[in-house]
Amino acid sequence: MPDQLRSAVSGPDRYEPDINPTYLEMAQHYGVTVVSGVTEKAEGQAKVEGGVLIAQR
C-alpha cells in the first residue's frame, strides 16, 4: 500500500490512481495488488507499517 510513493503512483487520484507501469509489472510478477493509500487520513497507515515491521522481522 504505497502512500502516494512517486516510484509507484505517477498520477495521484483518490479512486483511480495512475500506477507506474514498471511498478505494476513487478506487482503482477509477484502476484500482489497495489492499493494506493489515502493521504488525508492516517488511520490505515499504522496497519500497513505494522505489516512491514512483521515482514522485516
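Values quoted throughout were computed directly from the atomic coordinates according to the rules given, and no laboratory measurement underlies them. The structure displayed is predicted, hence computed values, not measured ones. Reconstructed Cβ throughout: ideal geometry from the backbone, glycine too, with neighbour counts over all protein chains shown.
Annotations for the structure displayed:
- For the range 48-56, backbone phi angles converted through the Karplus equation (6.51, -1.76, 1.60; θ = phi - 60°) give residue-by-residue couplings of 5, 5, x, x, 5, 4, 5, 5, 5 Hz, Gly and Pro being listed as x.
- Cut-off 15 Å between beta-carbons: net charge of the residues surrounding ALA55, Lys and Arg +1, Asp and Glu -1: +1
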